[in-house]
Amino acid sequence: MTIAILDDDLEEIRKIQSLILNIEGDYQIHRFQAGHALLEAIQSGKRFDLLFCDVFMKEENGLNVAREVHRVSPQTGIAFITYSREHAVEAIAMDVLHYLVKPVRQEDIVEVFRRLEKKAEPRHALTIQINKTINIVYQDEILRVETHLHNTIITCVGDKVYSTRQSFSSIYEALDDSFIQIKKNLVLNMHHIVRMTFRECVSRDGCTFLLRRDQAKEIREKYHAFVRRELAGGQ
């Protein structure tokens, strides 16, 4: 496994490297103290299976570096390392493997490896019929499912939109438990929610959805339980 560690603190890099090497396996570990150096390595052809990325660095924001890594090397699994849970929701919306709060423990590294292995498993998919064409849509790429007139609209990452005559209820029933119903005919993928407030939630594509007053508390509680579950390892 080829692993990159990005942190402007060399001592923190050494700690993570030591924890990795405590786990039996064949590792090639590359250490970076600046995001541009990591990106230059990727752009020159270097491929990493896993990146441990510090969020708060003196000269740059690790979240921005990770977004660029995801863009140019989408197969690289990313685990954030930080002193605060401040950006945990944003990290989940970026579909990272884990969000580790320092000091990082041995079991944290083991959990990252477990999630990386799980990510390689077959993805959940929906079969959507549009006219006479059958389309395969991966659930982890779906932002939301909603109705418009007599059609069910499935909006995905990358500005992909599918419109089908299949019923909203049949599609909703086929989704896994990472989806939450916001309104009668609207469900959102909680992996792609970047902000949840008292009155509204925001999807990663910038769309804002108001919460119904009579269901707002239940929706928030379900979403926060999902976030806690993700941070704890998806158990």
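Residues Arg199, Arg195, Arg204, Arg144: which one is farther than 24 Å from Val96 by Cα and among the charged types (D, E, K, R)?
Within the list Arg199, Arg195, Arg204, Arg144, the selection yields Arg199.
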- Task: Please work out which residue is surrounded by the fewest Cβ atoms within 10 Å (Cβ to Cβ), limiting yourself to the range 140-172 and to residues that are among the small types (Gly, Ala, Ser) and not in a loop (DSSP other than H, G, I, E, B).
- Result: Gly158
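Do the conditions hold for Arg31, that is, is it of a type in the set (Lys, Arg) and over 24 Å from Glu121 (Cα atoms)?
On the way: of a type in the set (Lys, Arg): yes; over 24 Å from Glu121 (Cα atoms): yes.
Spelling it out, Arg31 is indeed of a type in the set (Lys, Arg) and over 24 Å from Glu121 (Cα atoms).
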- Item | Qualifying residue in the range 82-96 (condition: crowded, with 18+ Cβ neighbours inside 10 Å, assigned by TED's automatic domain parsing to the domain that holds Val65, more than 26 Å from Ile171 (Cα to Cα) and at pLDDT 90 or above) | no
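Scanning the range 108-139 for residues that are of a type in the set (A, V, I, L, M) and in a helix (DSSP H, G or I), which turns out nearest to Glu173 (Cα to Cα)? I'd like the intermediate steps shown before the answer.
First pass over the range 108-139, keeping only residues of a type in the set (A, V, I, L, M): 109-110, 112, 116, 120, 125-126, 128, 130, 134, 136-137.
The next check asks that each one be in a helix (DSSP H, G or I); those that pass are 109-110, 112, 116.
Numbers: Ile109: 35, Val110: 33, Val112: 30, Leu116: 27 Å.
Per the stated criteria, the residue is Leu116.
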- Flag if Glu200 is of a type in the set (Asp, Glu), under 20 Å from the mean Cα position of the chain (by Cα) and within 24 Å of Glu86 (Cα to Cα): no
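Considering only strands (runs of 3 or more DSSP E) fully contained in the range 1-91, which possess at least 3 residues that are of a type in the set (A, V, I, L, M)? Please lay out each step first, then the result.
Values: elements: 2-6, 28-32, 50-54, 77-82.
Filter on the range 1-91 gives 2-6, 77-82.
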- Unmet requirement for Leu188, which otherwise passes all of (1) surrounded by 13 or more Cβ atoms within 10 Å (Cβ to Cβ); (2) at pLDDT below 95: (2)
- Being in contact (Cβ under 8 Å) with a residue 12 or more places away in the chain, of a type outside the set (A, V, I, L, M, F, W, C) and in a helix (DSSP H, G or I), is that true of even one residue in the range 194-216? no
- Filter the range 142-163 down to the residues that are in contact with a helix residue (DSSP H, G or I) (Cβ under 8 Å, 6 or more places away or on another chain) and free of Cβ contacts under 8 Å to residues at least 40 places away in the same chain, then identify the one that is farthest from Val187 (Cα to Cα). Gly158
- Looking at (1) at pLDDT below 90; (2) within 25 Å of Met94 (Cα to Cα); (3) surrounded by fewer than 17 Cβ atoms within 10 Å (Cβ to Cβ), find the lone condition where Leu126 falls short. (3)
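The values are calculated or read from the model by the stated rules, or taken from the named source; none is laboratory data. Since this is a predicted model, take the numbers as computed values, not measurements. Every residue, glycine among them, receives a Cβ derived from its backbone with ideal geometry; neighbour counts consider all protein chains shown.
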